[in-house]
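Working notes, beginning with the structure itself.
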Amino acid sequence: MCMPMTGKRLISLLAYVTTAATGASLLTGCGVLPGATGGSREPVTVMTWAPDQTRATNMPGMPAMAQTYARWVNSQGGIDGHELRVLTCNEQNSAAGAAACARRAVREKAVAVVGSYSQNGRAFMAPLEAAGIPYIGGYGIAEDEFTSPLSYPVNGGVASLVAGHGMQLADSCERVSLVRPDTTAGDKLPELLNSGLRRASHRSAVDIPAMEDAAEYTRQAGRARTRAGDEKGCVTAVLGERTQTFFDSFRRLPEQEGKPGAVRISSVLGSVDQPVIDRTGGPHSPFEGAFVTGWYPEAGDKSWAPMRKVIKEHAFADNRVDPADTGVQTTWIAYTVLKAVVEGLDEDTITAGRISHALDRGERIDTGGLTPSLRWKYEDMLGAPGFTRIVNREVTFQVVRQGRLVAQKPGFVDVGETVLSAP
């Protein structure tokens, strides 16, 4: 029951500010979030994890975007009256780190893990599955994201990117060298790329495995350029954060006499994105002219305007939250899904089981043009071996022009049949 607000009680109330991982939120007299329509609903606790300060790929923008999203949505009264509480965790690019984050999500009663990055699918999915916690909109790097019944991917993962990249390169490249991680996940990439190249009766790419955390790649760069050849040759690297290191080594190779710049370079979003291009010189970047395959529209597309507005108003000076970063974009889409599900439930208490049941039930979720509408019913799933739960089978073809990633081809390209054709 709300008591009359005396001067002393008002001063005391205004002094009560709670700070969580999502930032500070001011509570009003009856425990209702600012802007809520009335009544008291339980908070919704979720987790977002990603590696940070490791020697391999780091994604600090993902948990930072989650915190930004929570500040924004709580300033609007929460999600359907529920305060959104975001827990963050450093996954450390290790199986032990991923398992520790998942166990913490269970221990702190998170109802979902949202918009996260981890290559260690087996380590994190087992604890989540045991607790019935759904994994919504992971980055798409781990195979378990596309096989676990509690995973709800918002993109087609690396599988769709690499298969689509083969389609993108097929018309422009006579021979292709692929430099990829010497890992179990990396072992799947050559056939996925080749499935795209074969769509145009193209010869298979030359497979060049490389250490994911190497300090330089001179040997692999030299081999890649030689095998790509001099006429319409292309070198593509899919090494995550180390892709920049590889192309730095590639750029430093001695020029072939009489054939400067004969080989074209390419990659996929996540390995190359607008922040990487900006850091390496913009229009003078070694990525100028590169082909890039992405999941979503280019960063300048008007569909990203709502996200940009939220970042501008609620990320403050946090430079980890770059609207052109693929991890940030994926996290925004994942939280868009969470928001739609919670609003659709219209319950005072949100549980992990209710969220997964709602997603399984098959309501279509509109992401504002950033993806096709998303639904995870059985008939919506691609069913490709190892990637059964892909429901978004579309990618975008982009190219770097004057230092900016722009659309090479308008709209989305369906790569579902290409992924299915990979061995």
Residue hits (the range 68-93; open to solvent by 10 Å² or more (accessible area, probe 1.4 Å), on the phi < 0 side of the Ramachandran plot and within 22 Å of the chain's Cα centre (by Cα)) are R71, W72, R85, L87, T88, C89, N90
Being open to solvent by less than 50 Å² (accessible area, probe 1.4 Å), closer than 23 Å to A324 by Cβ, touching a residue at least 40 places away in the same chain (Cβ under 8 Å) and in contact with a His (Cβ under 7 Å, 6 or more places away or on another chain) is the requirement here; does V268 meet it? yes
Examine the range 32-46 for a residue that is surrounded by fewer than 23 Cβ atoms within 10 Å (Cβ to Cβ), within 30 Å of T245 (Cβ to Cβ) and at pLDDT 85 or above, and state whether such a residue exists. no
Out of (1) surrounded by fewer than 18 Cβ atoms within 10 Å (Cβ to Cβ); (2) in a strand (DSSP E or B); (3) touching a Ser or Thr at 6+ places or on another chain (Cβ under 8 Å); (4) not β-branched (V, I, T), the one C234 does not meet is (1)
Kindly list, by first and then second residue, each pair from a residue in the range 183-197 that is without any contact (Cβ under 8 Å) to a residue 60 or more places away in the chain to a residue that is of a type in the set (S, T, Y) and surrounded by fewer than 24 Cβ atoms within 10 Å (Cβ to Cβ), limited to pairs with Cβ atoms under 8 Å and residues at least 6 apart or on different chains. P190/S204; L197/S204
Say we look at the range 172-187 and pick out the residues that are of a type in the set (S, T, N, Q) and closer than 16 Å to R122 by Cβ; which of these is most open to solvent (accessible area, probe 1.4 Å)? T184
Being modelled with pLDDT under 90, closer than 22 Å to V328 by Cα and in a loop (DSSP other than H, G, I, E, B) is the requirement here; does G261 meet it? no
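A quick yes/no check of all residues on (1) of a type outside the set (D, E); (2) within 16 Å of G138 (Cα to Cα); (3) in contact with a Lys or Arg (Cβ under 7 Å, 6 or more places away or on another chain):
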{"site": "T54", "(1), (2), (3)": "yes, no, no"}
{"site": "A66", "(1), (2), (3)": "yes, yes, no"}
{"site": "G78", "(1), (2), (3)": "yes, no, no"}
{"site": "V86", "(1), (2), (3)": "yes, yes, no"}
{"site": "E91", "(1), (2), (3)": "no, yes, no"}
Selection status of A221, more than 18 Å from Q119 (Cβ to Cβ), part of a helix (DSSP H, G or I) and not basic (K, R): yes
Residue that is nearest to V162 (Cα to Cα) [pool: residues in the range 298-319 that are modelled with pLDDT under 95 and surrounded by 18 or more Cβ atoms within 10 Å (Cβ to Cβ)]: E298
Which of the numbered conditions does P209 fail, given that it passes all the others? Conditions: (1) open to solvent by 10 Å² or more (accessible area, probe 1.4 Å); (2) assigned to a loop (DSSP other than H, G, I, E, B); (3) at pLDDT 95 or above. (2)
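Matching residues to (1) within 27 Å of G186 (Cα to Cα); (2) at pLDDT 95 or above; (3) crowded, with 16+ Cβ neighbours inside 10 Å:
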position: W332; (1), (2), (3): yes, yes, yes
position: V342; (1), (2), (3): no, yes, yes
position: D346; (1), (2), (3): no, yes, no
position: S356; (1), (2), (3): no, yes, yes
position: I365; (1), (2), (3): no, yes, yes
position: G369; (1), (2), (3): no, yes, no
position: P385; (1), (2), (3): yes, no, no
position: R389; (1), (2), (3): yes, yes, yes
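For the range 87-137, enumerate the residues that are in a strand (DSSP E or B), of a type in the set (V, I, T) and closer than 24 Å to R375 by Cα. Give the steps one after another, and end with the answer.
Of the range 87-137, the ones in a strand (DSSP E or B) are 87-90, 112-114, 135-136.
From what's left, of a type in the set (V, I, T): 88, 113-114, 136.
Of everything in the range 87-137, those that are in a strand (DSSP E or B), of a type in the set (V, I, T) and closer than 24 Å to R375 by Cα turn out to be V113, V114, I136.
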Give the number of residues within the range 190-247 that are under 20 Å from D171 (Cα atoms) and acidic (D, E). 4
Would you confirm whether or not the range 283-294 contains a residue that is more than 19 Å from R225 (Cβ to Cβ) and assigned to a loop (DSSP other than H, G, I, E, B)? no
Filter pass, D325 being open to solvent by 10 Å² or more (accessible area, probe 1.4 Å), over 17 Å from the mean Cα position of the chain (by Cα) and of a type in the set (D, E): no
What are the residue pairs meeting all of these: first residue in the range 374-389, first residue among the β-branched types (V, I, T), second residue open to solvent by less than 20 Å² (accessible area, probe 1.4 Å), Cβ atoms under 6 Å, and 6 or more apart or on different chains? none
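Tally up the residues in the range 94-126 that are open to solvent by less than 30 Å² (accessible area, probe 1.4 Å) and not hydroxyl-bearing (S, T, Y), please.
Looking only at that region, the number is 16.
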Got at least one residue in the range 290-301 being more than 24 Å from the chain's Cα centre (by Cα), under 25 Å from A159 (Cα atoms) and touching a residue at least 24 places away in the same chain (Cβ under 8 Å)? no
So, S204, is that one open to solvent by 10 Å² or more (accessible area, probe 1.4 Å), part of a loop (DSSP other than H, G, I, E, B) and touching a helix residue (DSSP H, G or I) at 6+ places or on another chain (Cβ under 6 Å) or not? yes
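The values are calculated or read from the model by the stated rules, or taken from the named source; none is laboratory data. In this text, all values refer to a predicted model and were calculated from it rather than measured experimentally. Here the Cβ is made from the backbone with ideal geometry for all residues, glycine too, and neighbour counts use every protein chain on show. Only protein heavy atoms, including side chains, enter the accessible area calculation; ligands, DNA and RNA are left aside. Shrake-Rupley method; radii C 1.70, N 1.55, O 1.52, S 1.80 Å.
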